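The values are calculated or read from the model by the stated rules, or taken from the named source; none is laboratory data. Computed from a predicted structure; not experimentally measured. For neighbour counting, all protein chains shown are included, and Cβ atoms are generated from backbone atoms with ideal geometry for every residue, glycine included. Accessible surface is based on the protein model in full, side chains and every heavy atom, while ligands, DNA and RNA are left aside. Shrake-Rupley method; radii C 1.70, N 1.55, O 1.52, S 1.80 Å.
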Amino acid sequence: MNKKTLLATALAAAALCALPLLASCSGSSESAQPAEDGSYTLVEEGKLTVAASLDFPPFENLENGDVVGFEVDLMKAIAEKMGLECSYLPTMKFDTIIPAIVAGGTADVGVSGFTITPEREEEVDFSTPICDTNQCIVVPAGSDITDESQLAGKRIGAETGTTGLSWAKENLADAQEVVAFDEYPAVFAALQSGQVAAVVLDKPVADYYINIAYPDCQVVKEIPTGEQYGIAVSKKNPNLTAAIDQAIAELESDGTIAELDRKWFGTQA
Ligand code: ARG
(Lines give C-alpha, C1' and ligand atoms only; values in the text may rest on other atoms or scores of the structure.)
Protein backbone atom coordinates (compact mmCIF):
# COMPACT_ATOMS: atom_id res chain seq x y z
CA MET A 1 0.00 0.00 0.00
CA ASN A 2 1.48 3.34 -0.97
CA LYS A 3 1.09 6.44 1.15
CA LYS A 4 -1.81 7.84 -0.87
CA THR A 5 -3.86 4.66 -0.60
CA LEU A 6 -3.10 4.47 3.08
CA LEU A 7 -4.38 8.01 3.59
CA ALA A 8 -7.52 7.31 1.57
CA THR A 9 -8.19 4.16 3.57
CA ALA A 10 -7.68 5.99 6.84
CA LEU A 11 -10.02 8.80 5.73
CA ALA A 12 -12.66 6.32 4.64
CA ALA A 13 -12.42 4.51 7.96
CA ALA A 14 -12.69 7.81 9.84
CA ALA A 15 -15.73 8.80 7.81
CA LEU A 16 -17.38 5.46 8.49
CA CYS A 17 -16.68 5.82 12.16
CA ALA A 18 -17.80 9.42 12.47
CA LEU A 19 -21.56 8.82 12.21
CA PRO A 20 -21.94 6.00 14.67
CA LEU A 21 -19.41 7.63 17.00
CA LEU A 22 -21.91 8.43 19.73
CA ALA A 23 -23.44 5.01 19.63
CA SER A 24 -20.27 2.99 19.41
CA CYS A 25 -17.49 4.81 21.19
CA SER A 26 -18.76 4.82 24.74
CA GLY A 27 -18.20 1.64 26.68
CA SER A 28 -17.31 -1.36 24.60
CA SER A 29 -16.27 -0.22 21.17
CA GLU A 30 -16.45 -3.68 19.65
CA SER A 31 -19.79 -3.15 17.98
CA ALA A 32 -21.81 -0.24 16.70
CA GLN A 33 -24.99 -2.33 16.83
CA PRO A 34 -27.73 -0.57 18.82
CA ALA A 35 -28.84 -3.95 20.13
CA GLU A 36 -25.57 -4.26 22.00
CA ASP A 37 -25.01 -0.76 23.30
CA GLY A 38 -28.53 -0.43 24.68
CA SER A 39 -29.50 2.50 22.45
CA TYR A 40 -33.00 2.78 21.04
CA THR A 41 -34.75 4.96 18.52
CA LEU A 42 -37.37 7.62 19.27
CA VAL A 43 -39.76 9.28 16.83
CA GLU A 44 -38.86 12.62 18.36
CA GLU A 45 -35.59 13.22 20.12
CA GLY A 46 -35.82 13.70 23.88
CA LYS A 47 -39.44 12.55 23.96
CA LEU A 48 -41.30 9.35 24.68
CA THR A 49 -44.22 9.68 22.27
CA VAL A 50 -47.32 7.77 23.38
CA ALA A 51 -50.23 6.61 21.21
CA ALA A 52 -53.42 6.02 23.20
CA SER A 53 -57.17 5.70 22.96
CA LEU A 54 -58.20 8.23 25.59
CA ASP A 55 -61.53 6.62 26.46
CA PHE A 56 -60.34 4.25 29.14
CA PRO A 57 -60.62 5.80 32.61
CA PRO A 58 -59.08 5.38 35.13
CA PHE A 59 -56.15 4.30 32.90
CA GLU A 60 -56.20 7.06 30.29
CA ASN A 61 -58.88 9.63 29.70
CA LEU A 62 -59.40 13.24 28.63
CA GLU A 63 -60.58 15.47 31.43
CA ASN A 64 -61.11 19.15 30.58
CA GLY A 65 -58.60 18.75 27.79
CA ASP A 66 -55.99 17.10 30.04
CA VAL A 67 -54.76 13.55 29.53
CA VAL A 68 -55.12 11.83 32.90
CA GLY A 69 -55.06 8.35 34.41
CA PHE A 70 -53.02 5.61 36.05
CA GLU A 71 -51.16 4.72 32.87
CA VAL A 72 -50.62 8.41 32.08
CA ASP A 73 -48.97 8.99 35.47
CA LEU A 74 -47.00 5.78 35.00
CA MET A 75 -45.78 6.82 31.53
CA LYS A 76 -44.73 10.22 32.87
CA ALA A 77 -42.76 8.50 35.64
CA ILE A 78 -41.20 6.02 33.18
CA ALA A 79 -40.20 8.83 30.81
CA GLU A 80 -38.69 10.78 33.70
CA LYS A 81 -36.57 7.77 34.75
CA MET A 82 -35.38 7.55 31.14
CA GLY A 83 -34.52 11.25 31.02
CA LEU A 84 -37.27 11.88 28.46
CA GLU A 85 -40.33 14.07 28.23
CA CYS A 86 -43.61 12.16 28.02
CA SER A 87 -45.72 13.31 25.07
CA TYR A 88 -49.23 12.02 24.32
CA LEU A 89 -50.55 12.14 20.76
CA PRO A 90 -54.20 13.13 20.20
CA THR A 91 -56.52 10.22 20.97
CA MET A 92 -56.56 7.37 18.44
CA LYS A 93 -59.05 4.58 17.76
CA PHE A 94 -57.99 1.63 19.92
CA ASP A 95 -57.65 -0.81 17.03
CA THR A 96 -55.35 1.54 15.08
CA ILE A 97 -52.67 1.79 17.79
CA ILE A 98 -50.85 -1.53 17.34
CA PRO A 99 -50.79 -1.11 13.53
CA ALA A 100 -49.27 2.36 14.08
CA ILE A 101 -46.58 0.94 16.37
CA VAL A 102 -45.83 -1.80 13.83
CA ALA A 103 -45.65 0.74 10.96
CA GLY A 104 -43.36 3.02 13.00
CA GLY A 105 -42.79 6.76 12.76
CA THR A 106 -45.87 7.91 14.73
CA ALA A 107 -45.35 6.86 18.32
CA ASP A 108 -42.72 5.04 20.37
CA VAL A 109 -45.22 3.17 22.52
CA GLY A 110 -48.89 2.21 22.56
CA VAL A 111 -50.43 2.49 26.01
CA SER A 112 -54.16 1.87 26.30
CA GLY A 113 -54.88 -0.88 28.75
CA PHE A 114 -53.44 -3.31 26.21
CA THR A 115 -53.99 -6.86 27.35
CA ILE A 116 -50.91 -8.91 26.56
CA THR A 117 -52.17 -11.66 24.22
CA PRO A 118 -50.26 -14.21 22.12
CA GLU A 119 -51.78 -12.70 18.93
CA ARG A 120 -50.60 -9.19 19.81
CA GLU A 121 -47.21 -10.54 20.87
CA GLU A 122 -46.73 -11.66 17.28
CA GLU A 123 -46.96 -8.04 16.20
CA VAL A 124 -45.35 -6.03 19.00
CA ASP A 125 -43.24 -6.49 22.11
CA PHE A 126 -44.76 -5.78 25.51
CA SER A 127 -43.22 -4.39 28.66
CA THR A 128 -43.47 -6.35 31.89
CA PRO A 129 -47.13 -6.39 33.02
CA ILE A 130 -48.29 -3.21 34.73
CA CYS A 131 -51.81 -4.18 35.82
CA ASP A 132 -54.09 -7.21 36.27
CA THR A 133 -57.72 -7.14 35.16
CA ASN A 134 -60.79 -9.17 34.27
CA GLN A 135 -63.65 -8.57 31.87
CA CYS A 136 -67.22 -8.06 33.05
CA ILE A 137 -70.76 -7.90 31.75
CA VAL A 138 -72.69 -4.65 32.17
CA VAL A 139 -76.46 -4.34 31.75
CA PRO A 140 -78.99 -1.58 32.41
CA ALA A 141 -79.77 -1.34 36.14
CA GLY A 142 -82.91 -3.34 36.82
CA SER A 143 -82.40 -5.68 33.87
CA ASP A 144 -83.18 -9.30 34.75
CA ILE A 145 -80.00 -10.53 33.07
CA THR A 146 -77.61 -11.90 35.69
CA ASP A 147 -75.54 -14.34 33.72
CA GLU A 148 -74.12 -14.90 30.24
CA SER A 149 -76.55 -17.81 29.73
CA GLN A 150 -79.32 -15.19 29.55
CA LEU A 151 -77.68 -13.39 26.65
CA ALA A 152 -78.88 -15.87 24.01
CA GLY A 153 -80.73 -14.07 21.23
CA LYS A 154 -79.59 -10.65 22.49
CA ARG A 155 -77.36 -7.98 21.00
CA ILE A 156 -74.08 -7.47 22.81
CA GLY A 157 -71.81 -4.42 22.55
CA ALA A 158 -68.04 -4.04 22.95
CA GLU A 159 -65.21 -1.84 21.72
CA THR A 160 -63.64 -2.61 18.34
CA GLY A 161 -60.45 -4.66 18.56
CA THR A 162 -60.66 -5.39 22.29
CA THR A 163 -60.37 -8.59 24.26
CA GLY A 164 -63.92 -7.89 25.50
CA LEU A 165 -65.16 -8.07 21.90
CA SER A 166 -63.22 -11.32 21.29
CA TRP A 167 -64.54 -12.80 24.53
CA ALA A 168 -68.12 -11.98 23.53
CA LYS A 169 -67.67 -13.48 20.07
CA GLU A 170 -66.09 -16.65 21.43
CA ASN A 171 -68.30 -17.20 24.45
CA LEU A 172 -71.69 -15.81 23.50
CA ALA A 173 -72.27 -17.94 20.43
CA ASP A 174 -76.03 -17.80 21.00
CA ALA A 175 -76.15 -14.02 21.00
CA GLN A 176 -78.08 -12.49 18.14
CA GLU A 177 -75.17 -10.23 17.27
CA VAL A 178 -71.99 -8.84 18.80
CA VAL A 179 -71.75 -5.19 17.82
CA ALA A 180 -68.43 -3.30 17.80
CA PHE A 181 -68.20 0.43 18.62
CA ASP A 182 -65.16 2.66 18.22
CA GLU A 183 -65.15 4.10 21.71
CA TYR A 184 -66.58 3.36 25.14
CA PRO A 185 -69.00 6.30 25.41
CA ALA A 186 -70.66 4.88 22.27
CA VAL A 187 -70.74 1.41 23.87
CA PHE A 188 -72.53 2.82 26.93
CA ALA A 189 -74.84 4.99 24.82
CA ALA A 190 -75.92 1.87 22.92
CA LEU A 191 -76.63 0.12 26.22
CA GLN A 192 -78.65 3.06 27.54
CA SER A 193 -80.70 3.34 24.37
CA GLY A 194 -81.45 -0.38 24.28
CA GLN A 195 -79.57 -0.92 21.02
CA VAL A 196 -77.68 -3.66 22.88
CA ALA A 197 -78.81 -5.63 25.95
CA ALA A 198 -75.37 -5.99 27.53
CA VAL A 199 -71.80 -4.85 27.00
CA VAL A 200 -68.47 -6.49 27.78
CA LEU A 201 -65.43 -4.53 28.92
CA ASP A 202 -62.60 -4.42 31.44
CA LYS A 203 -64.01 -4.42 34.99
CA PRO A 204 -62.14 -1.43 36.47
CA VAL A 205 -63.16 0.69 33.47
CA ALA A 206 -66.80 -0.43 33.73
CA ASP A 207 -66.81 0.44 37.45
CA TYR A 208 -65.35 3.85 36.72
CA TYR A 209 -67.76 4.74 33.88
CA ILE A 210 -70.80 3.59 35.89
CA ASN A 211 -69.63 5.61 38.85
CA ILE A 212 -68.95 8.87 37.04
CA ALA A 213 -71.35 8.85 34.10
CA TYR A 214 -73.72 5.87 33.80
CA PRO A 215 -75.39 5.23 37.17
CA ASP A 216 -78.28 3.61 35.30
CA CYS A 217 -75.99 0.69 34.33
CA GLN A 218 -74.59 -2.09 36.50
CA VAL A 219 -71.94 -4.80 36.44
CA VAL A 220 -73.75 -8.14 36.72
CA LYS A 221 -70.87 -10.50 36.27
CA GLU A 222 -67.10 -10.42 36.52
CA ILE A 223 -65.49 -12.81 34.04
CA PRO A 224 -62.18 -14.19 35.34
CA THR A 225 -60.20 -13.73 32.12
CA GLY A 226 -57.02 -13.00 34.12
CA GLU A 227 -55.66 -10.34 31.76
CA GLN A 228 -52.50 -8.29 32.21
CA TYR A 229 -51.80 -4.92 30.63
CA GLY A 230 -48.49 -4.11 29.00
CA ILE A 231 -46.90 -1.22 27.11
CA ALA A 232 -46.66 -2.03 23.37
CA VAL A 233 -43.34 -1.35 21.64
CA SER A 234 -42.13 -2.05 18.11
CA LYS A 235 -40.26 -5.32 17.70
CA LYS A 236 -37.63 -3.27 15.86
CA ASN A 237 -36.86 -1.37 19.07
CA PRO A 238 -36.04 -4.05 21.67
CA ASN A 239 -33.79 -1.76 23.67
CA LEU A 240 -36.69 0.61 24.22
CA THR A 241 -38.69 -2.24 25.79
CA ALA A 242 -35.66 -3.10 27.93
CA ALA A 243 -35.25 0.53 29.06
CA ILE A 244 -38.97 0.74 29.90
CA ASP A 245 -38.76 -2.52 31.87
CA GLN A 246 -35.77 -1.16 33.75
CA ALA A 247 -37.72 2.01 34.59
CA ILE A 248 -40.74 -0.06 35.72
CA ALA A 249 -38.48 -2.13 38.00
CA GLU A 250 -37.10 1.07 39.54
CA LEU A 251 -40.60 2.50 39.99
CA GLU A 252 -41.65 -0.74 41.70
CA SER A 253 -38.77 -0.66 44.13
CA ASP A 254 -38.93 3.05 44.93
CA GLY A 255 -42.64 2.79 45.78
CA THR A 256 -43.93 4.97 42.92
CA ILE A 257 -46.15 2.24 41.48
CA ALA A 258 -47.68 1.46 44.89
CA GLU A 259 -48.37 5.18 45.26
CA LEU A 260 -50.06 5.32 41.84
CA ASP A 261 -52.13 2.24 42.73
CA ARG A 262 -53.29 4.01 45.87
CA LYS A 263 -54.02 7.22 43.97
CA TRP A 264 -56.07 5.60 41.21
CA PHE A 265 -57.47 2.43 42.79
CA GLY A 266 -57.22 3.06 46.51
CA THR A 267 -55.19 -0.11 46.88
CA GLN A 268 -51.64 -1.25 47.04
CA ALA A 269 -50.73 -3.78 44.35
N1 ARG B 1 -57.90 -4.56 27.75
C2 ARG B 1 -58.69 -4.59 26.58
C3 ARG B 1 -57.85 -5.00 25.40
O4 ARG B 1 -56.69 -5.06 25.48
C5 ARG B 1 -59.37 -3.27 26.29
C6 ARG B 1 -58.49 -2.11 26.08
C7 ARG B 1 -59.22 -0.91 25.54
N8 ARG B 1 -58.44 0.28 25.68
C9 ARG B 1 -58.84 1.53 25.36
N10 ARG B 1 -58.04 2.51 25.66
N11 ARG B 1 -59.97 1.77 24.79
O12 ARG B 1 -58.36 -5.28 24.35
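Over all other residues within a Cβ to Cβ distance under 11 Å of Glu159, the charged ones net out to -4, with Lys and Arg as +1 and Asp and Glu as -1. Lys203: which aspartates and glutamates have alpha carbons under 12 Å from its alpha carbon, excluding same-chain residues fewer than 8 sequence positions away? Of all the aspartates and glutamates, those that pass the test against Lys203 - Cα under 12 Å, at least 8 places apart if same chain - are Asp132, Glu222, Glu227.
Using θ = phi - 60° in the Karplus curve 6.51 cos²θ - 1.76 cosθ + 1.60, the 3J(HN,Hα) couplings for the range 36-45 round to 9, 9, x, 7, 9, 9, 10, 5, 9, 4 Hz; x is entered for Gly and Pro. Using a probe of 1.4 angstrom and keeping all protein chains present, the accessible surface of the range 145-215 works out to 43 square angstrom per residue. Remark: the range 46-53, residue by residue, has Karplus-estimated 3J(HN,Hα) of x, 10, 9, 8, 10, 9, 8, 9 Hz, where x stands for each Gly or Pro and the curve is 6.51 cos²θ - 1.76 cosθ + 1.60 at θ = phi - 60°.
Ignoring any ligand, DNA or RNA, what whole percent of the accessible area of the chain comes from carbon and sulfur when the probe is 1.4 angstrom? Result for the chain: 52 percent of the exposed heavy-atom area is carbon or sulfur.
Here the Karplus relation 6.51 cos²θ - 1.76 cosθ + 1.60, evaluated at θ = phi - 60°, turns the backbone of the range 128-139 into coupling constants of 4, x, 10, 6, 10, 8, 10, 7, 7, 10, 10, 10 Hz, with x for every Gly and Pro. Averaging 1/r over each pair of different alpha-carbon atoms in the range 139-269 and inverting the result gives 16.8 Å, the Kirkwood hydrodynamic radius. Per residue, the range 59-112 exposes an accessible area of 41 Å² to a 1.4 Å probe, with every protein chain left in place.
List the pairs from Lys93/Lys154; Lys47/Lys76; Lys221/Lys263; Lys93/Lys235; Lys169/Lys235 whose alpha-carbon separation is above 19 Å, in the order I gave them.
Correct reply: Lys93/Lys154; Lys221/Lys263; Lys93/Lys235; Lys169/Lys235.
Helical runs (DSSP H, four residues minimum) scored at -39500 (n - 2.57) apiece and divided by the length of the chain put the mean residue ellipticity at 222 nm at -11500 deg cm²/dmol. Per-residue packing, averaged as other Cβ atoms within 10 Å, sorts the ranges 183-189, 212-218, 90-96, 77-83 into the order 183-189, 77-83, 90-96, 212-218, beginning with the highest. Here's how it looks for Thr133: its modeled amide H is under 5 Å from those of Glu227, Gln228, Tyr229, which are all 5 or more places away or on a different chain.
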